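J.: Just dropping this structure here.
The numbers here are math on the coordinates, done by the rules we state, and not lab data. Treat the numbers as computed from the prediction; the structure is a model and nothing was measured. Backbone-built Cβ (ideal geometry, glycine too); neighbour counts: all protein chains shown.
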């Protein structure tokens, strides 16, 4: 009787690799690619005081992949004295945005840099309406979001003193895990208002963005955890991305090992079957 | 007759102004289109209320009739009501649901770990699928397998540490064959969207009229 392989052994191997190598830190060498460098250079090219619109379009399920790049980008932007207006068309995103801002503000405070809510950064919260909401944000930000996530009228916030629409925005940065996401921002805002744009997306979404990067609609993009790790390497601040990348590197090799072993078993079985048929 | 004509006229009116706003920067057109977008956002917000009501209606019916998986429906309805109730309580007592609120606490310590756990299960399923299904059964499957393996190891720093050629190969696969295929899809989909959009705007296709 043919005995089937218990796949729980595979699960155990994956679980062990993840748990063990999260506990054993080691340093990998990074060579950030053009896409990651494009994001870094776009942020670096903005003069201090410029406004970045951070469109946060992901929820807690994608935090493991996107929060590291989210924190790294916010850290880099605030450290360069850029001001951030964050909004979302995903209902589960505003608490994630709040968390990233608070965490980065606390880190900067420790470094002796004080950043204030409403002056240096603001969380506008969620706006229902998918693509229409994105188009509306493009026409007028205060009209689309009359109040921020904390309930304060946005026109009374210092950061909104001279901001009405994307004419005053230096860079649009989208972090997304699906639709609506980077593609919708490209269609509804980047193309229409000719605003500079970068993005950070999950690894499965990254292949979609190559054509927009090649057409220069996107100045750069971060794809998955590797993008976050490369960005952390560029800003010289190791964080969740680089820590997670060690485990992801080894997991990729483990999965490749499974593919090879699976194929060896498959061809062995085929060869045996053919031999039996000939006999 | 009015039941058919009025929705078609509204669709034509809204669609034409949206197209005009995209191509012409005329204050009158922009004003009308902005107002229509605002109405659309209000309709979306109302749809959320309807969605919540619908979730309650469907799931409570399953619970009442003790249909398949009814205990899970209780968990769903209970969780939804708790999150909504805590959020409303925070809004009334402190005016927001941001940092430091009870809502944020539930989000951070219950919803986030639960969502992340479900997402993380993918790693186990992918490893199982890699072992059991990713086989070089023919030339095309072999090509897919080789390119996927190259991208998988070329995109991580450990692959680059083994050979500097691996990341270059992975990048080439992503930037050339992948992008060529993606472009074809994007162009095809965009043409389909334009055609369908025009058919809807001019009332040839009326999905909102349920086939009338």
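J.: If one takes the longest principal axis of the Cα atoms in chain A, at what angle in degrees, from 0 to 90 and to the nearest 10, does the Cα axis of helix A:130-139 lie?
T.: Approximately 30 degrees, to the nearest ten.
J.: For chain A, find the longest principal axis of its Cα atoms and tell me its angle to the long axis of helix A:94-110, 0 to 90°, nearest 10.
T.: Rounded to the nearest ten degrees, it is 80.
J.: Separate question: Could you line up B:67, A:80 from fewest to most neighbouring Cβ atoms inside 10 Å?
T.: B:67, A:80
J.: Looking only at other chains, what is the average number of their beta-carbon atoms within 10 angstrom of each beta-carbon in B:180-189?
T.: Values: counts 2, 2, 6, 4, 1, 2, 4, 1, 0, 0.
Counting Cβ atoms of other protein chains within 10 Å of each residue's Cβ and averaging gives 2.
J.: Quantify how strongly other chains surround peptide B:90-96 by giving the mean number of their Cβ atoms within 10 Å of each of its Cβ atoms. Write out the running numbers ahead of the final one.
T.: Values: counts 0, 1, 0, 0, 2, 3, 8.
If you average over the peptide's residues, the count of other-chain Cβ atoms is 2.
J.: Kindly give Rg over Rh for the protein assembly as shown, based on alpha-carbon atoms, with the Kirkwood expression for the hydrodynamic radius.
T.: Details: Rg = 25.2 Å, Rh = 25.3 Å.
With Rh from the inverse mean 1/r over Cα pairs, Rg/Rh is 1.00.
J.: Sticking with this structure for a sec: For the range B:114-212, what's the relative contact order in percent, using C-alpha pairs closer than 8 Å and at least 6 residues apart?
T.: Values: 40 pairs, mean separation 13.0, N = 99.
With pairs under 8 Å counted, the relative contact order is 13 percent.
J.: Still on this structure, please answer the following. Which one, A:68, A:207, A:142, has the greatest fluctuation when you compute a Gaussian network model over chain A with C-alpha springs under 10 angstrom?
T.: A:207
J.: Right, something else. If you take the square roots of the eigenvalues of the alpha-carbon gyration tensor of the range B:16-105 and sort them as a ≥ b ≥ c, do you get rounded (a/c under 1.5), prolate (a/b over b/c) or oblate? Write down the numbers at each step before the final one.
T.: Working: a/c = 4.38, a/b = 1.79, b/c = 2.45.
Because a/c hits 1.5 or more and a/b fails to exceed b/c, the range B:16-105 counts as oblate.
J.: Quick one: among A:226, A:20, A:56, which has the greatest mean-square fluctuation in a GNM of chain A with alpha-carbon springs under 10 angstrom?
T.: Greatest mean-square fluctuation among the candidates belongs to A:20.
J.: A further question follows. What is the diffusion coefficient of the range A:3-80 in µm²/s, taking the Kirkwood radius over Cα pairs and the Stokes-Einstein relation at 10 °C with a viscosity of 1.306 mPa s?
T.: Working: Rh = 16.4 Å.
Roughly 97 µm²/s, to the nearest whole number.
J.: Let me ask something additional. Return the distance in nm (one decimal) between the two label points of a simple spin-label model at residue A:266 and residue B:138, each offset 7 Å from Cα along Cα→Cβ.
T.: Placing both labels 7 Å along Cα→Cβ, they lie 1.3 nm apart.
J.: Separate question: Neighbour counts of other C-beta atoms within 10 Å: give me A:18, B:63, A:132 arranged from fewest to most. Before the final figure, lay out the partial values.
T.: Working: A:18 19, B:63 16, A:132 22.
Ascending Cβ contact count within 10 Å gives the list B:63, A:18, A:132.
J.: While we're looking at this one, here's another question. Take the Cα atoms of the range B:1-65, find their three principal axes, and give me the spread along each one in whole Å, biggest first.
T.: Cα extents, longest axis first: 57, 29, 14 Å.
J.: Another question, if that's okay. For chain A, what does the relative contact order come out to in percent, with C-alpha contacts under 8 Å and a separation of six or more?
T.: Working: 449 pairs, mean separation 66.9, N = 279.
Reported relative contact order: 24 percent.
J.: Across the residues of A:85-92, average count of Cβ atoms on other protein chains within 10 Å?
T.: On the way: counts 0, 0, 0, 0, 1, 0, 1, 4.
So the per-residue partner count for this stretch is 1.
J.: Please compute the length gained on full extension between residue B:80 and residue B:206, using 0.36 nm multiplied by the number of residues separating them and subtracting their Cα-Cα distance. Intermediate values should be presented prior to the final figure.
T.: Details: separation 126, 0.36 × 126 = 45.36 nm, distance 3.46 nm.
Gain in length upon complete extension: 41.9 nm.
J.: Mind giving me the nanometre distance, one decimal, between the label points for residue A:45 and residue A:4, set 7 Å out from Cα along Cα→Cβ?
T.: 5.5
J.: With angles folded into 0 to 90 degrees, how steeply does helix A:63-79 sit against the dominant principal axis of chain A? Use alpha carbons for both and round to 10.
T.: Long axis of A:63-79 versus the principal axis of chain A: about 40 degrees.
J.: Right, another one. Cut-off is 10 Å between beta-carbons; in what order do A:11, B:17 appear when sorted fewest neighbours first?
T.: Numbers: A:11 16, B:17 20.
So the residues, fewest neighbours to most, are A:11, B:17.
J.: Pick from A:194, A:263, A:33 the residue whose mean-square fluctuation is largest in a GNM of chain A, springs joining Cα atoms under 10 Å.
T.: A:263
J.: Something else now. According to the square roots a ≥ b ≥ c of the eigenvalues of the Cα gyration tensor, what is the shape class of the range B:55-175, taking rounded for a/c under 1.5, prolate for a/b larger than b/c otherwise, and oblate for the remainder?
T.: On the way: a/c = 4.30, a/b = 1.90, b/c = 2.26.
It is oblate, given that a/c is not under 1.5 and a/b is not larger than b/c.
J.: Does chain B come out rounded, prolate or oblate by the C-alpha gyration tensor, with a ≥ b ≥ c the root eigenvalues, rounded set by a/c under 1.5 and, if not, prolate when a/b is larger than b/c and oblate if not? Working shown, then result.
T.: On the way: a/c = 1.86, a/b = 1.20, b/c = 1.55.
The shape class here is oblate.
J.: Using helices alone, I'd like the mean residue ellipticity at 222 nm for the protein assembly as shown: each DSSP H run of four-plus residues gives -39500 (n - 2.57), total over residue count, nearest 500.
T.: Numbers: 19 runs with 304 residues, N = 491.
-20500 deg cm²/dmol, from helical runs alone.
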